[in-house]
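Engineer: One structure is given below, represented as structure tokens, and several questions about it will come after.
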Amino acid sequence: MSVTLLIPTFPQWSLYTTGLSVEETGWVMGIFAAGLFLMGPFCSKLVQKYRRNQVCIWAISGLALTILLPVYVKHIDFWQLLLIRLLQGTTFGLAQMVLASTLVIDTCESFQRTEANHSATWFGRFALSLGPMAGLLLYRQLGMEYVFYTAAGCSLAAALLILFVHFPFRVPSEDVQSISLDRFFLGSGWPLFLNLFVVSLSIGLVFSLRFEPVDFALMMIGFLLALLAQRFVFADAELKSEAVTGLLLMIAAILILIYVPSSSLHFPLLGLGLGILGARFLLLFIKLSRHCQRGTAQSTFILGWESGMALGIGLGIGLFDGNRDGLLFTALFLVTLGMMAYVLFIHQWFIQHKNR
């Protein structure tokens, strides 16, 4: 939530308070995606050389610091905001990779790890609804300064929660390379990564539009329905059906936004589609991984999800200012492209390459 609080509020603050242009605001929001990847090659080395929970706590603390910087920097300009957002992406990316690839897995028995992977990502989806909703309410009632303080407070609360968990000491490996794809990116899953990135890019475009807090509350309803659907509808369904259903629901949500903008169905459908699709794609990444690559698979999923969304938000603001229909038709094209790629190529490729 410390990051999602800023999704609808940071662009408005950049445009109307700091005086950035639309294009500059797009760059500031989009550069977050690049930051997500910067520390990934060093993640494995860091968690081997230092205590893994301390690496995560320091990364989260760094995120809190970068969130607060705009409050205390006087006469902030475009280049300073660009650097701040890049640092936010860097610290958030490292914290998420350590949390997902190491800490969550290390606290579970082997038979619980898939469930733990899903639980971690589901809380991330809830934050995608609760964060923007809370951010907009705070921004309108109290101002952007309180949004920054709340976002930083969420980060510090997360660091405090990690301190409450006991992580047994583990002897570090001696042959760990300084730069590695371990815990960072599953190279064998790059087609699935690109598929997820394209779909997430389209959702980022949609999120760059202005919505009301109630819309994000309705998205939470969609997420809860997706949880129920996983439990009762898709428990024994054919493997392809869940991903295709999620994509079709997302297409329906975008079509409603285009042709029936007054309807309240778009965000529940979007939440339902995102929830179903996200859960299925995470499982596909896990099944592609070999022994001891589960954490790497989860990090790859998070990178595809977060970077696509961040870049989509930046492009939506910077390229489609005032062109709502053009933005939505582009998002519709990308989701449709993602579904066609999955049906025609990715699913069969997955069946041939899965390891679990």
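Engineer: Under a 1.4 Å probe, what is the accessible area of segment 262-326 per residue, stated in Å²?
Structural biologist: Result: 31 Å² of accessible area for each residue.
Engineer: For SER188 and TYR72, what does the FRET efficiency come to when R0 = 41 Å and r is the distance between their Cβ atoms, rounded to the nearest 0.05?
Structural biologist: The calculated FRET efficiency here is 0.40.
Engineer: Another question, if that's okay. In whole percent, how big is the carbon plus sulfur part of the accessible area of segment 65-135, probe 1.4 Å, protein atoms only?
Structural biologist: 67 percent
Engineer: Which net charge results for the neighbourhood of ASP106, defined as the other residues with beta-carbon distances under 10 angstrom from its beta-carbon, given Lys and Arg at +1 and Asp and Glu at -1?
Structural biologist: Computed value for this residue: +3.
Engineer: Leaving ligands, DNA and RNA out of it, report the carbon-plus-sulfur percent of the accessible area of segment 180-276 at a 1.4 Å probe.
Structural biologist: Solvent-exposed carbon and sulfur of segment 180-276 make up 71 percent of the total.
Engineer: Within a Cβ distance under 13 Å of LEU247, other residues only, what is the Lys/Arg minus Asp/Glu net charge?
Structural biologist: +1
Engineer: Quick check for you: with a 1.4 Å probe and neighbouring chains kept, what is the accessible area per residue of segment 149-224, in Å²?
Structural biologist: 50 Å²
Engineer: Let me ask something additional. Be a star and scan segment 1-23 for residues whose amide nitrogen sits under 11 Å from the point 7 Å along the Cα-to-Cβ vector of GLN80.
Structural biologist: Zone members listed by number: none at all.
Engineer: Okay, next question. Would you work out what percent of the accessible area of segment 296-356, with all protein chains in place, is carbon or sulfur (probe 1.4 Å)?
Structural biologist: 65 percent
Engineer: Taking each pair of distinct Cα atoms in segment 41-185 once, what is the resulting Kirkwood hydrodynamic radius in Å?
Structural biologist: 16.8 Å
Engineer: Sort 101-108, 189-196 by the packing proxy (mean of other Cβ within 10 Å over each peptide's residues), most packed first.
Structural biologist: 189-196, 101-108
Engineer: To the nearest 20 debye, what charge dipole does segment 218-356 have about its Cα centre, counting +1 at the Cβ of each Lys and Arg and -1 at the Cβ of each Asp and Glu?
Structural biologist: So the magnitude is around 540 debye.
Engineer: Which entries in LYS45/LYS240; LYS45/LYS354; LYS49/LYS287 show an alpha-carbon gap greater than 31 Å?
Structural biologist: Beyond 31 Å: LYS45/LYS240.
Engineer: Moving to a separate point now. Among the complete DSSP H segments of the chain, which ones combine at least 15 Å of alpha-carbon extent along their axis with a mean Kyte-Doolittle hydropathy of 1.0 or more?
Structural biologist: Sorted by number, the helices that extend far enough and score high enough are 22-38, 52-72, 78-98, 144-163, 190-207, 213-232, 239-259, 266-288, 324-341.
Engineer: Below 8 Å, C-alpha to C-alpha, sequence gap of six or more: please give me the relative contact order for segment 183-341 in percent.
Structural biologist: About 46 percent, as a whole number.
Engineer: Taking a probe of 1.4 Å, how large is the accessible area per residue of segment 24-70, in Å²?
Structural biologist: Averaged over the residues of segment 24-70, the accessible area is 40 Å².
Engineer: Determine the calculated [θ] at 222 nm for the chain from helices alone, applying -39500 (n - 2.57) to every DSSP H run no shorter than 4 residues and normalising by the residue count; nearest 500 deg cm²/dmol.
Structural biologist: -24500 deg cm²/dmol
The values are calculated or read from the model by the stated rules, or taken from the named source; none is laboratory data. Remember, it's a predicted structure, so these values are computed and weren't measured experimentally. Reconstructed Cβ throughout: ideal geometry from the backbone, glycine too, with neighbour counts over all protein chains shown. Just so you know, the surface numbers come from the protein's heavy atoms only, side chains and all, with ligands and any DNA or RNA stripped out. Shrake-Rupley method; radii C 1.70, N 1.55, O 1.52, S 1.80 Å.
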